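Input: a single structure, listed below in structure tokens.
Computed from the coordinates by the stated procedures, all read-outs in this text should not be read as laboratory data. The model shown is predicted, which means the values in this text are computed figures rather than measured ones. So basically every Cβ, Gly included, is an ideal-geometry build from the backbone, and we count neighbours across all protein chains shown.
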Amino acid sequence: MTSPYGLLAELTYACPLHCPYCSNPLTLSDYGDELTTAQWQRVLGEARELGVLQLHVSGGEPLQRRDVVEIVRRACELGMYTNLITSALGLSPRRAEQLKAAGLDHVQISIQAHEPTQSDRIAGTRSFDRKVAAARLVKELGWPLTLNIILHRQNIDRIADIIALTEQLAPDRVELANTQYYGWAWRNRDALLPSRPQIERAEAVVRAERARLAGRMEISYVLPDYYSQYPKPCMEGWAKRQLTVTPNGDALPCPAAHQLPLPRANVREKSLAWIWTDSPLFQRFRGTDWMPEPCRSCARREIDFGGCRCQAFQLTGDAARTDPVCILSPDHEIVAEVVRAANEGARPREEVLTPRPHPSRVR
Ligand code: SF4
Ligand code: FES
């Protein structure tokens, strides 16, 4: 068994934004009993002992936690590389200075579109100008900056304008990531999934812009896997290198695994070492022994690990089936049908999207 190297710490699901592609659980109110500062600091110590080297501090919006600086400081003391994944709302100059002093290594800011009107509409709140100001602040403070833009049917046609905006902000890296369909994005999938012509036009723009910006700005582009032949190697394999801890202390092999009908494991009750090594949840899909055909005898089984367990569950009701994204899956027709509808359907109006609500704050 390998050691984990990355921990995604979802400090809170509270968030001032209402993005309809949010991957947070639909049952947000179940997570209101958040871990305390001391509990997070203990979890970080246990994670470091297990071998974790990278901490991704996320949410919701992690800056909604008043103790985010203390949590980051503890991770830095333990020698972890720390990355703040934020909407940037709450990243005031004072807070940024405190995080810098605590040792935070990297900042990733999400932007919803290339201009304020559309960006604020997707975010469900006025936020574009504050995001731009925060991105400039991050650069002034000397942090490496990643800008993350989630692409979907309603903004992907403006990808050239999105790249032009990011160029002005001079990040080190731009992530243009097509929506992954979990949580609220799963609920809104049919209004978010782009058509094939949209995907093809976007790819052509990305190719040209990558060539133009080579050496100045790295652009990563993540395809929607519904349009791929083979599934993504989700989480680099179940319980192989990554783990997630949710606001209430549930430890998961991936951020969407809360929906699977598997036994839970919580850091309030068990050590992270036990959870990683012995818990039924983490052992369930580790390695290749669990695989059904066609994965079991497939040459790609150590490349994509049979795809995503959460996606298999969402699409078939059985997390142990081959990911239906795979063209070899007996369930592939489920994905093919969704893609056909995205290509034939009229362009959905923005009003059909369900915005992610604001969970009640408890801390
Ligand atoms: Fe991957 Fe399984 Fe498809 Fe082979 S059959 S490509 S292992 S998902
Ligand atoms: Fe859970 Fe892919 S998101 S295994």
Percent relative contact order for the stretch 1-362, counting Cα pairs under 8 Å at least six residues apart, stands at 21 percent
Scoring the stretch 164-280 by relative contact order with C-alpha pairs under 8 Å, at least six apart, yields a percentage of 22 percent
Computed over the stretch 170-223, the Cα gyration tensor eigenvalues, each multiplied by 5 and square-rooted, give semi-axes in Å (largest first) of 25, 14, 6
Kirkwood calc, the stretch 217-363, C-alpha pairs only, radius in angstrom 17.2 Å
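Place a +1 charge on the Cβ of each Lys and Arg in the chain and a -1 charge on the Cβ of each Asp and Glu, then give the dipole magnitude about the Cα centre in debye, rounded to the nearest 20. Can you show the working numbers first?
Values: 45 positive and 43 negative charges, 107 e Å.
Approximately 520 debye in magnitude.
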Sorted largest first, the C-alpha extents of the chain along its principal axes in whole angstrom are 52, 48, 41
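What net charge is computed for the residues neighbouring Asp129, neighbours being all others with C-beta under 15 Å from the C-beta of Asp129, Lys and Arg scored +1, Asp and Glu -1?
Numbers: positive: Arg121, Arg126, Arg130, Lys131, Arg136; negative: Glu115, Asp120.
The answer is +3.
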hull vol. (C-alpha, convex hull) per residue for the stretch 133-232, Å³ -> 121 Å³
Note to self: Kirkwood Rh of the stretch 210-287, Cα pairs, one decimal, Å, is 14.7 Å
Largest fluctuation, Pro263, Pro231, Pro324 only, Gaussian network model of the chain with Cα springs under 10 angstrom, belongs to Pro263
Residue by residue through the stretch 317-327, the couplings from Karplus 6.51 cos²θ - 1.76 cosθ + 1.60 with θ = phi - 60°, in Hz, x for Gly and Pro, are x, 9, 5, 8, 8, 4, 4, x, 4, 5, 5
Computed, not fitted: 222 nm per-residue ellipticity of the chain from DSSP H runs ≥ 4 (each -39500 (n - 2.57)), nearest 500, equal to -10000 deg cm²/dmol
Percent relative contact order for the stretch 217-328, counting Cα pairs under 8 Å at least six residues apart, stands at 30 percent
Volume per residue (Å³) of the convex hull spanned by the alpha carbons of the stretch 34-168 is 118 Å³
Connecting every pair of Cα atoms under 10 Å apart in the chain and solving the GNM, the largest mean-square fluctuation among Leu176, Leu141, Leu260 falls on Leu141
Residues other than Gln229 with Cβ under 11 Å of its Cβ, Lys/Arg counted +1 and Asp/Glu -1, net out at -1
Note on the chain: helices (DSSP H) long enough, at least 15 Å by alpha carbon along their axis, and hydrophobic enough, mean Kyte-Doolittle at least -0.5, are 128-140, 159-169, 332-344
Long-range amide H partners of Cys254, meaning residues 5 or more apart or on another chain whose placed amide H is closer than 5 Å, are Thr244
Around Pro261 (Cβ within 14 Å, Cβ-to-Cβ, excluding Pro261; K/R +1, D/E -1) the net charge comes to +3
